[in-house]
Amino acid sequence: MRFQRNWGRCPGKREAMKVVLENLTKKFPSRNKKDKSEVVAVNNFNIEIPDGKLIGLLGPSGCGKSTALNLICGLEKPTEGRILFGEDDVTELPPENRGVGLVFQNYALYPHLTVRQNIMFPLENLKGAQKMTKQAMEEKALEAAKLVQIEELMDRKPSEMSGGQQQRVAIARALVKTPSVLLLDEPLSNLDARLRLQTREEIRRIQQKTGITTIFVTHDQEEAMSISDYIIVMKAGVIQQVGRPQDVYDQPVNLFVAKFLGTPAINVFEGNIENGWLWIGEDRVLKVDGAEDEEVYAAVRPEGFIFDENGPFKCSLRNIEVMGRDTSLVFRHRSEPENDIRAIISVEERQRVEQVQGYGVSFRLKPYKTFLFGKDDEQRISCTLS
Ligand code: ATP
């Protein structure tokens, strides 16, 4: 069932809509007395965020995620570029006229108000034709509370609730005016691991039920990958890659994206393409078609190693770690004796590894789990591995 956008006497009836960012740039003056160069927090974003989807905006701390979100909601003014909601240019509109719902990391609830009063708060300030009766406001607050499943807690104060429950109140408050775009800035950061998991699934459920175009900012790749329809990976103000989470994981465009997605992290080696073969140190590991001879970074996902005593990738075993369902092998390769390599293997493979005498272990590499990147620009080298 879709969320009813024409519910009750809602004053702010709006449809979910696409968000278009055109040449969007935000520069801040330097805060550094010695270095006066500007900080380009958001650098020439050009992207169309589709109607009704959940988008994870992902990147390391300081890459410009919050600034991008603040530009979309109107808390910051762009230095250049435009923002469109549907066909409407909202670049010059103040935040209150954009029809956005905002949820932050710190739930920012009023401690002296009950849950009901907190959720109703955005409706209290409506003026003119939008003004609502108390009863209508209470009905809308209850409807929003039901959506996030806290209707039993309407008379509590924030201090009488868990972090997860408080964040639900904040989401209900953001939804009560029926926004056309919902913006969530690290909404799970204050929650413990179990609640994070629960609340992120809750956000996904609410987003799917309401169909509101939602942008979810996080530095946690697993979080973004698990609930997003699409992810945008950012680095230093620049969009690196946009796509479905699995597609970005399977086809990273550069080394940064390959390293940023996935736990355990991808394993990176210095290698060479020579006469149609990929070499890592003295091991000839995969056939390469369609690439010139050059030095490369070869990156292998942890699930890209097949234990095989005749395999070409010769390593020494350091540890076998069993964590719940997964078994991790930690080993090192002769070419980089200081660096741990981490592989995830199956139970059957583990049993075979355990029978190995000594420390020598060999692997084959899965071609579709191995990516090559240029040594200079760290961009993906287009070629076929086998
Ligand atoms: P985090 O995950 O740590 O919140 P972020 O990815 O959200 O980081 P932003 O907060 O958007 O990053 O900051 C991007 C860059 O812009 C940083 O270098 C930051 O120092 C700078 N910046 C942000 N706001 C301002 C400001 N008001 N004045 C000057 N520089 C700023």
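If you go through the range 197-218 and pick out every residue that is within 19 Å of Thr263 (Cβ to Cβ) and part of a helix (DSSP H, G or I), you end up with 3. Restricting the range 50-90 to residues that are part of a strand (DSSP E or B) and of a type in the set (Asp, Glu) leaves a set whose member that is nearest to Pro29 (Cα to Cα) is Glu80.
So which residues in the range 295-318 are open to solvent by 70 Å² or more (accessible area, probe 1.4 Å) and either in a strand (DSSP E or B) or touching a residue at least 60 places away in the same chain (Cβ under 8 Å) (or both)? Listed by number, the residues that qualify are Glu295, Lys314, Arg318.
So is Lys77 surrounded by 13 or more Cβ atoms within 10 Å (Cβ to Cβ), of a type in the set (D, E, K, R) and either closer than 23 Å to Ala224 by Cα or modelled with pLDDT of 85 or more (or both) or not? Spelling it out, it is not the case that Lys77 is surrounded by 13 or more Cβ atoms within 10 Å (Cβ to Cβ), of a type in the set (D, E, K, R) and either closer than 23 Å to Ala224 by Cα or modelled with pLDDT of 85 or more (or both). Is the range 24-32 home to any residue that is touching a strand residue (DSSP E or B) at 6+ places or on another chain (Cβ under 7 Å), in the same structural domain as Leu84 (by TED's automatic domain parsing), closer than 29 Å to Lys177 by Cβ and at pLDDT 95 or above? The answer is yes, given that some residue of the range 24-32 is touching a strand residue (DSSP E or B) at 6+ places or on another chain (Cβ under 7 Å), in the same structural domain as Leu84 (by TED's automatic domain parsing), closer than 29 Å to Lys177 by Cβ and at pLDDT 95 or above. Where helices (runs of 4 or more DSSP H) fall entirely within the range 219-283, those with at least 2 residues that are under 12 Å from the mean Cα position of the chain (by Cα) and modelled with pLDDT of 95 or more are at 245-250, 255-260. Screening the candidates Arg156, Arg194, Arg173 for the property of being under 23 Å from His219 (Cβ atoms), assigned by TED's automatic domain parsing to the domain that holds Leu84 and not in a strand (DSSP E or B) yields one hit, Arg194. Gly271 meets all of the listed conditions (1) in contact with a strand residue (DSSP E or B) (Cβ under 8 Å, 6 or more places away or on another chain); (2) surrounded by fewer than 20 Cβ atoms within 10 Å (Cβ to Cβ); (3) not polar (S, T, N, Q) but one, namely (2).
For the range 73-94, the candidate set comprises residues that are more than 12 Å from the ligand (Cβ to nearest atom) and hydrophobic (A, V, I, L, M, F, W, C); within that set, the residue that is farthest from Gly237 (Cα to Cα) is Leu93. If we keep just the residues of the range 175-201 that are away from the ligand (no atom under 16 Å from the Cβ), aliphatic (A, V, I, L, M) and buried (at least 23 other Cβ atoms within 10 Å of the Cβ), which is farthest from Gly52 (Cα to Cα)? Only one residue fits best here, namely Val176. For the range 39-72, give me the residue count where each residue is near the ligand (Cβ under 9 Å from one of its atoms), surrounded by fewer than 16 Cβ atoms within 10 Å (Cβ to Cβ) and not polar (S, T, N, Q). Qualifying residue count, the range 39-72: 2.
Rundown of residues vs (1) open to solvent by 50 Å² or more (accessible area, probe 1.4 Å); (2) touching a His at 6+ places or on another chain (Cβ under 6 Å); (3) not aliphatic (A, V, I, L, M), yes/no style:
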residue	(1), (2), (3)
Glu87	yes, no, yes
Thr91	no, no, yes
Ala108	yes, no, no
Asn125	yes, no, yes
Gln135	yes, no, yes
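The values are calculated or read from the model by the stated rules, or taken from the named source; none is laboratory data. Because the structure is a prediction, the values reported are computed rather than measured. Using ideal geometry, Cβ is built from the backbone for each residue, glycine included, and neighbour counts are taken over all protein chains shown. With ligands, DNA and RNA removed, areas are computed over all heavy atoms of the protein, side chains included. Shrake-Rupley method; radii C 1.70, N 1.55, O 1.52, S 1.80 Å.
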